[in-house]
1. Can you list the HN-Hα couplings for region 288-301, worked out from phi with the Karplus curve (6.51, -1.76, 1.60; θ = phi - 60°), rounded to whole Hz and with x for Gly and Pro?
2. For region 171-242, build the charge dipole from Cβ charges (+1 Lys, Arg; -1 Asp, Glu) around the Cα centre, then report which of PHE202, GLY175, GLY217 sits farthest towards its positive end.
3. For every other residue with a beta carbon closer than 15 angstrom to the beta carbon of LEU338, add +1 if it is Lys or Arg and -1 if Asp or Glu, then tell me the sum.
4. Give me the 1.4 Å probe accessible area per residue for the chain, excluding ligands and nucleic acids, in Å².
5. Going down the table (LYS247/LYS349; LYS189/LYS341; LYS319/LYS341; LYS82/LYS128; LYS128/LYS276), which pairs top 22 Å between alpha carbons?
6. Karplus couplings for region 396-411 from phi (6.51 cos²θ - 1.76 cosθ + 1.60, θ = phi - 60°), rounded to Hz, Gly and Pro as x?
7. Looking at the chain only, what percent of DSSP beta bridges run antiparallel? Nearest 5 please.
8. Taking the simple approach of a point 7 Å from Cα along Cα-to-Cβ for both LYS50 and LYS282, what is their distance in nm?
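The values are calculated or read from the model by the stated rules, or taken from the named source; none is laboratory data. Source: prediction; values computed, not measured. Here Cβ is always computed from backbone atoms with ideal geometry, including for glycine, and neighbour counts include all displayed protein chains. Just so you know, the surface numbers come from the protein's heavy atoms only, side chains and all, with ligands and any DNA or RNA stripped out. Shrake-Rupley method; radii C 1.70, N 1.55, O 1.52, S 1.80 Å.
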Amino acid sequence: MICRGNSPIPIPISEMALETQTWLNLCFVEKILRKSEGDNSIQVIDIFSKPATAKGDNYTSDMIRITVEFSRDQGGHKITEKKSIIAKVSPLNEGVRQDLVEQSGIFDVEISMMSHTLNKMNELLGPKHLVSAKGLHAQKNPTLLIIEDLAPLGFRMADRLSGLDLTHSIMALHGLARFHAASVALCEKEPKQKEMYAKGMFSEGQPQDLQNFFVMGVKALGDEVATWPGMEKYAEKILKLSDHIYKIGTDANKFSEHDFNVINHGDFWVNNMLFKYDSDGKPIQHICVDFQLCLYTSPAIDLLYFLSTSPSPDVIENKKSVLLNEYLSTLSATMKQLGCKTQPPTMEKLNAMLKERASYGMIASFTVLPIVLCCKTEAKDLDEIMSSGTFVNPGLKSENYKKLMSKRLLQYDEIGLLDL
């Protein structure tokens, strides 16, 4: 095959100048489109690329939106079309972010999910309830994934700063329940799937940089809480916890064969999901993105992480039982529909699982919630947060974060989570 215009195209992925992306050329994109569309008559005419996410929206990869103009044969004529695809690339700039991604192997996890596991889960659920976009291509050197772009289909991110309202939150948990149910059905058919996702965010095998993110983040929170009037007692407890926080997280997400277990998304927060809306602005469909931290263990992990980071304060304070009921009823119905032999948990068992692993939600409140609530003009990437040897996260000083955490610290202390 002869490709035209093989010269590399410079891409301003971030504010810092990055190397020219030699892999991104007309030939490369043409191969992907021919394979994904099953049409060897496709000829790429031109490509245009730009960053697909803003700073603060994505932390462990560089996202590039590629608009492709191409021709193909149809009914004896050549027609011209445009299509948008997403390239998700392992970090290109040297620094904490690049080291963390390379050493943790999280891109390998996502490639496995996008190339194998999610395709099978989507087949089980059918086109009405897809849990992910379609993976078009995966490769190493450079490590990257090409994924269908959901934006032209009307999907977009919700507003992380205001938090998800009840409608969005219920839709997200319906999506999560179907994801979990499909994973149970798949693992029953293919038990090896369980072994493919054994690390997640907290694991003894994860690199020091990932552990440092949590240790430094909790120390920074302790220092910040020390400046809040009347909160000194909590500040001292948080600072004592900080050196142990990664071990606490590792214990909380450990697999137990006696539990009800699923493949967890592992990073299920507002920025890792997209919603589609009707003409009145009402969400009508939900889909997950970013599968780098998937983990086979109790579904309490995804639930605690989501509940601690993503619903609006009003929803999480007043409608938590509604959310759990919606999750469990959808999980049970979907497992039944898929013919699972495994029994879903009862509400009593689900609440016991959440209580047993409650420290996981606390860690998410300590370290991920300030990122969620950091205003967009102050958002920093991982290198900026950690590279100076100190932990710099402006979200810790957000008034909304302070208001939320003042309540949560009291609750965490009452149930003994702040004590070693």
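1. The phi angles translate into 8, 10, 6, 10, 7, 10, 4, 8, 8, 6, 4, x, 4, 4 Hz.
2. Farthest towards the positive end: GLY175.
3. So the environment of LEU338 carries a net charge of +3.
4. Result: 44 Å² of accessible area for each residue.
5. Distance filter (> 22 Å) returns LYS247/LYS349; LYS319/LYS341; LYS82/LYS128.
6. 4, 9, 5, 4, 4, 5, 4, 5, 5, 5, 4, 6, 5, 4, 4, 5
7. Details: 41 of 43 bridges.
Percentage antiparallel, nearest 5: 95.
8. 3.2 nm
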